[in-house]
Amino acid sequence: MHIPDGFLNITTVATTYVASAGGVSYAVKQANKKLGERHVPLMGVMAAFIFAAQMLNFPIAGATSGHLLGAALSAILIGPWASVLIMSSVLLAQSLIFQDGGLLALGANILNMAVIGSFSGYYLYHFGTSLFGNRKGIMIGSFIGGWGSVVLSAIACAIELAVSGVSPIKVVLPALAGIHAMIGVGEGLITAAAISLVLATRADLLQLQKI
């Protein structure tokens with residue numbers, strides 16, 4: 001899902017940089033207000049896990065690739081604002097060290113995977129838990145959050161590519177959304193499995209999440 005340099009026009013680059021910079025800046029303020037010492041080790045562990053998970057790439061059409069995201073899991077455990085910071089750090093490191101996603105496209109990648117991925121995963125998770133409740137609701141919400149975060153991030157990516165003239169929306173949207181709907185199933189299952197493990201071993205960690 002990483003967008004490389006050379007695919008987005010200057011207007012899209014500028015717009016997504018402004019949007020993502022605003023989101024990250026506000027996330028820093030919220031993190032300073034709401035996160036405590038207990039969050040710091042978990043944020044480091046989550047960043048390392050997501051960094052490793054995103055190295056598993058699945059090539060698809062349209063000059064992009066798909067992979068597990070991890071935004072929903074971090075948002076469920078620590079909250080969406082902390083997740084934005086974790087995802088942004090991972091994406092920046094990948095761009096600088098592995099050239100996975102371009103520097104000019106970094107704003108778009110952060111907007112898609114860090115901001116949209118984190119908040120969609122967080123709210124879809126809570127939507128699922130509100131419908132079913134108890135452990136069953138947590139598992140269903142975790143799956144929905146993981147799946148939805150991947151699909152919605154892919155849709156945002158497709159729109160940016162279409163607006164930039166890379167490919168018509170009727171071509172790039174089905175290509176990206178379709179393959180990421182399948183990748184999202186894996187992400188949903190992994191997210192639900194991870195949350196199930198947390199419930200069994202450290203259920204108190206789910207109380208750390210803060211909006």
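A quick yes/no check of all residues on (1) in contact with a Gly (Cβ under 6 Å, 6 or more places away or on another chain); (2) crowded, with 20+ Cβ neighbours inside 10 Å; (3) over 24 Å from ALA82 (Cβ atoms):
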position: ILE116; (1), (2), (3): no, yes, no
position: TYR122; (1), (2), (3): no, yes, no
position: LYS136; (1), (2), (3): no, no, yes
position: ILE140; (1), (2), (3): yes, no, no
position: ILE144; (1), (2), (3): yes, yes, no
position: MET182; (1), (2), (3): no, no, yes
position: GLY188; (1), (2), (3): yes, yes, no
position: ALA193; (1), (2), (3): no, no, no
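For the structure I just gave you, tell me whether VAL28 is β-branched (Val, Ile, Thr) and either at pLDDT below 90 or closer than 23 Å to PRO168 by Cα (or both).
So VAL28 does not fit the description; no.
ALA203 is checked against (1) touching a residue at least 24 places away in the same chain (Cβ under 8 Å); (2) within 26 Å of GLN30 (Cα to Cα); (3) not hydroxyl-bearing (Ser, Thr, Tyr) and fails just one. What number does that condition carry?
For ALA203, the failing item is (1).
Just checking, which of SER149, SER130, SER142 is of a type outside the set (A, V, I, L, M, F, W, C) and modelled with pLDDT under 95?
Criteria check complete, one pass: SER130.
I'd like the residue in segment 163-179 that is surrounded by 14 or more Cβ atoms within 10 Å (Cβ to Cβ) and of a type in the set (Val, Ile, Thr) and, out of all such residues, is farthest from GLY6 (Cα to Cα).
If we take residues in segment 163-179 being surrounded by 14 or more Cβ atoms within 10 Å (Cβ to Cβ) and of a type in the set (Val, Ile, Thr), then ILE179 is farthest from GLY6 (Cα to Cα).
Return the pair list, or none, for Cβ contacts closer than 9 Å from residues in segment 156-170 that are closer than 17 Å to ILE10 by Cβ to residues that are of a type in the set (D, E, K, R), at least 6 apart or on different chains.
ALA162/LYS170; VAL166/GLU160
Check segment 5-12 and report whether any residue there is at pLDDT below 85 and surrounded by fewer than 22 Cβ atoms within 10 Å (Cβ to Cβ).
no
Does segment 25-59 hold any residues that are surrounded by 11 or more Cβ atoms within 10 Å (Cβ to Cβ), touching a strand residue (DSSP E or B) at 6+ places or on another chain (Cβ under 6 Å) and either more than 19 Å from ILE190 (Cα to Cα) or not hydrophobic (A, V, I, L, M, F, W, C) (or both), and which are they?
GLN54, ASN57, listed by residue number.
Do any residues in segment 37-55 that are on the phi < 0 side of the Ramachandran plot have Cβ atoms under 6 Å from those of residues that are surrounded by fewer than 19 Cβ atoms within 10 Å (Cβ to Cβ) and assigned to a helix (DSSP H, G or I), where the two are at least six apart or on different chains, and which pairs are they?
ALA47/SER89
Can you spot a residue in segment 146-159 that is hydroxyl-bearing (Ser, Thr, Tyr) and within 14 Å of the chain's Cα centre (by Cα)?
yes
The values are calculated or read from the model by the stated rules, or taken from the named source; none is laboratory data. None of the values given here were measured: they were computed from a predicted structure. As a convention, Cβ positions derive from the backbone with ideal geometry for all residues, glycine included, and neighbour counts pool all protein chains shown.
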